[in-house]
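FYI, it's all coordinate maths here, none of it is from the lab. Just so you know, these numbers come straight off a predicted model, no measurement behind them. Ideal geometry is used to build each Cβ from the backbone, glycine not excepted, and the neighbour counts take in all protein chains shown.
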Amino acid sequence: MKNLFDAQFSERSTLVNQKGFTLIELMVVIVIIGILVKIAIPAYTSSVQKAYRTDAKSALLDLATREEKFYSINNQYTATLSSLYPGLATTTLSVQSGNTSYYTISAPTVTAASATSAASFTASAAPVAGTAQANDPCGTFTITNTGVTSVSGTLTNCW
């Protein structure tokens, strides 16, 4: 009887003193990490896209403000970005976040005043191809002189 007890005690003590993880424990941890990654990466990507959208909207609002200032001084809108941004030598304006451009604002479309209509402008910020915003469901942001905002994409609550 003593030998049987010693054998059972000896077997238990080796199991208790073992160190490490079983394969099942490791697989459970890997599954949990996989689930967290599957949830976290899309949420992070969505947050980053929203931040870049905010930069584009801010740049468009800045352009609209500059157009209105130009109009108050010259009694007309301008289609030349260098008139709004002194020192700008290009016909487009890059909306940068860090060192990367995610949106491009082209020169505004201006309609001169006539006998039947007031002067107006429309400005747009288009996502740059090959960037994180290229597949953004909001698409291109647009603003007019009356403050009307719109997007060209499938997502409608972007502004």
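For the stretch 72-154, what does the alpha-carbon gyration tensor say about shape, rounded, prolate or oblate, given a ≥ b ≥ c as the root eigenvalues, a/c under 1.5 as rounded, and a/b over b/c as prolate?
Taking the square roots of the gyration eigenvalues as a ≥ b ≥ c, the stretch 72-154 is oblate.
Using θ = phi - 60° and the Karplus form 6.51 cos²θ - 1.76 cosθ + 1.60, what ³J(HN,Hα) does each residue of the stretch 88-105 get, whole Hz, x for Gly and Pro?
Per residue, the Karplus-derived 3J(HN,Hα) values read 6, 9, 10, 8, 10, 10, 8, 9, 9, 10, x, 9, 10, 8, 9, 9, 10, 9 Hz.
Gap in Å between the Cα centre of the stretch 25-43 and the Cα centre of the stretch 86-155?
Their Cα centres are 39 Å away from one another.
Figure the gain on full extension for ALA51 and ILE35 (residue separation times 0.36 nm, minus the Cα-Cα span) and round it to one decimal in nm.
Once the chain is fully extended between ALA51 and ILE35, it gains 3.2 nm.
Which of the GluC sites (Glu not before Pro) across the stretch 17-102 are loop residues per DSSP, with 15 or fewer other Cβ within 10 Å?
Answer in residue order: no site qualifies.
Could you put PHE141, PHE70, PHE21 in order, starting from the residue whose Cβ has the fewest other Cβ atoms within 10 Å?
PHE21, PHE70, PHE141
Mind pulling the angle between the C-alpha long axis of helix 2-16 and the longest principal axis of the chain? Nearest 10 degrees, somewhere in 0 to 90.
Once rounded, the angle reads 10 degrees.
Can you list the HN-Hα couplings for the stretch 71-87, worked out from phi with the Karplus curve (6.51, -1.76, 1.60; θ = phi - 60°), rounded to whole Hz and with x for Gly and Pro?
After applying 6.51 cos²θ - 1.76 cosθ + 1.60, I find 5, 5, 8, 10, 6, 6, 8, 10, 9, 9, 5, 5, 6, 8, 10, x, x Hz.
Tell me which residues come under 5 Å, amide H to amide H, from THR104 once H is placed; ignore anything under 5 positions away on its chain.
Distant-sequence amide H within range of THR104: VAL95, ALA126, VAL128.
Given Cα pairs under 8 Å that are at least 6 residues apart, what percent is the relative contact order of the stretch 2-151?
After rounding, I find 16 percent.
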